[in-house]
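Before any comments, here is the structure.
The values are calculated or read from the model by the stated rules, or taken from the named source; none is laboratory data. From a predicted model like this one, the values you see are computed outputs, not experimental measurements. Cβ placement follows ideal geometry from the backbone for every residue including glycine, while neighbour counts extend to all protein chains displayed.
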Amino acid sequence: MTLFPFAEYWWLYSIFLLFVLSMLALDLGVFHRKTREVTFKEAAIWSVVWVTLGLSFGVVVWLWQGADAGGQYLAGYLIEKSLSIDNIFVFALIFGYFTVPAAYQHRVLFWGVFGALVLRAVFIAAGATLLEQFHWTIYVFGAFLVFTGIRMALQRDDHVDPGKNPVLRAFRRVVPVTPGYRGQRFTVREAGRRLATPLLAVLVVVETTDVIFAVDSIPAIFGITTDRFIVYTSNIFAILGLRTFFFLLSDLADRFHYLKVALAFILTFIGVKMLLPLLAEGLLKLTSADSSSAFALFLERYNHHEYEQLVINISLGVVVASIALAVVASILFPAKKNEQEAEAEAE
């Protein structure tokens, strides 16, 4: 069900986009006009600001369009926010690989977020169009989420090598790059030629990494709602706070080691929920159940969204409970340090 069709609510989309661009302009043009390292205190304050804005917007949606819309937004926001923890860990690896000075990291993440705003709008529009024109694609999304969740749960090696990124390799072959950083500039003109700096290469890797994460997160939110406005706003509010969360949690992201298990469960749960009508219809055919049976009637009502509020509440409860249990378990049962980490701390 589309709560905010673009043709009718184009002004709402425009206002939201203007708000986002204004906040980004305020961030880069006022608060981070000069190159400097982001302090922990500053990151903490801005993290609270972004989370407050994101949750407050959910309250507005709830009061305006009811509990259905509010629950959809909140579930989508929490899923995206949770998945962003993985982004933080990978971004830390990328900055470490390229030895990006701390003073330049905010600039890279800023433009990375700006690019994500555009790319995710394209992905969401394409996904929503596919679901509207070809409803069966929801089962493809569901199967993909189940596969992704199982793969995430079974994956043991968390090491990421940015140097093996195929887009980065192609970029280095095509674009001439300076041997070292040139302040916070992405390009410079030297010896009569326009050259890219390593900072632009870092931005390319950050953008391609976000695309990979979007492939997981956007289908997951479509499992909660197909409304483009709710999907986009929940995504964007979660992404807007990603930069400050990075400076706040980059050293702690790997300590929440059970979060990956929770995310794997959430993705699998949502994928199964998307596949449920198809699985139920298959089960009806296999069991040759009568069309007037209780199960057949339940399936018909489910497919006509008669249980939509109940499904949203269950989904929201699963997301919140999974994340909370993962955080508590990570604190109570910290990951065991390997020998190399123990020796490094001892030194």
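Pairs linking a residue in region 122-145 that is over 16 Å from Phe229 (Cβ atoms) and touching a residue at least 12 places away in the same chain (Cβ under 8 Å) to a residue that is of a type in the set (S, T, N, Q) and crowded, with 17+ Cβ neighbours inside 10 Å, with Cβ atoms under 9 Å and 6 or more positions apart or on different chains, are Ile138/Thr226; Leu145/Thr268. Would you mind finding the one in Val90, Val60, Val108 that is among the hydrophobic types (A, V, I, L, M, F, W, C), closer than 26 Å to Arg182 by Cβ and modelled with pLDDT of 85 or more? Exactly one of Val90, Val60, Val108 is among the hydrophobic types (A, V, I, L, M, F, W, C), closer than 26 Å to Arg182 by Cβ and modelled with pLDDT of 85 or more, namely Val108. You will find that of Ser315, Ser322, Ser291, the residue that is touching a helix residue (DSSP H, G or I) at 6+ places or on another chain (Cβ under 9 Å), under 30 Å from Trp46 (Cα atoms) and modelled with pLDDT under 80 is Ser315 and no other.
Residue-level check: of (1) under 17 Å from the mean Cα position of the chain (by Cα); (2) among the aliphatic types (A, V, I, L, M); (3) modelled with pLDDT under 80, Val167 misses just (1). Considering every residue within region 18-30, establish whether at least one is surrounded by 11 or more Cβ atoms within 10 Å (Cβ to Cβ), assigned to a loop (DSSP other than H, G, I, E, B) and at pLDDT below 70. No, there is no match, as no residue in region 18-30 is surrounded by 11 or more Cβ atoms within 10 Å (Cβ to Cβ), assigned to a loop (DSSP other than H, G, I, E, B) and at pLDDT below 70.
The helices (runs of 4 or more DSSP H) falling completely within region 192-262 that include 1 or more residues that are at pLDDT 80 or above and on the phi < 0 side of the Ramachandran plot map to 198-222, 228-240.
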